[in-house]
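Single-structure report; data block below.
Read-outs throughout are calculated quantities, based only on the coordinates presented, and are distinct from any laboratory measurement. Since the structure is predicted, the reported quantities are computational estimates derived from the model, not experimental observations. Every residue, glycine among them, receives a Cβ derived from its backbone with ideal geometry; neighbour counts consider all protein chains shown.
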Amino acid sequence: MLLWVVGAAIGILTAFVLIFKYTKTGKNDMIGYSAKCNKCGTVTNGVKCPKCTTNTKDWR
Ligand SMILES: [Zn+2]
């Protein structure tokens, strides 16, 4: 009876660590290098920077 509780706890802990790892690396490394604006550093999620595109209209 206690064994499955420990197993579940380990599973939950592993999932939590994986989610924590994914969210941390996902935001900083996986998306960060391509989704950040080169000029102002705003996170754009792969889209053109709204700040720079609205400020400088002749950016093509
Ligand atoms: Zn920008």
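Below are the figures for this structure:
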{"item": "Projected label distance in nm at ILE10 and CYS40, using a 7 Å step from Cα toward the beta-carbon", "result": "5.0"}
{"item": "Rough spin-label spacing in nm, given labels placed 7 Å along Cα→Cβ, for PHE20 and THR53", "result": "3.6"}
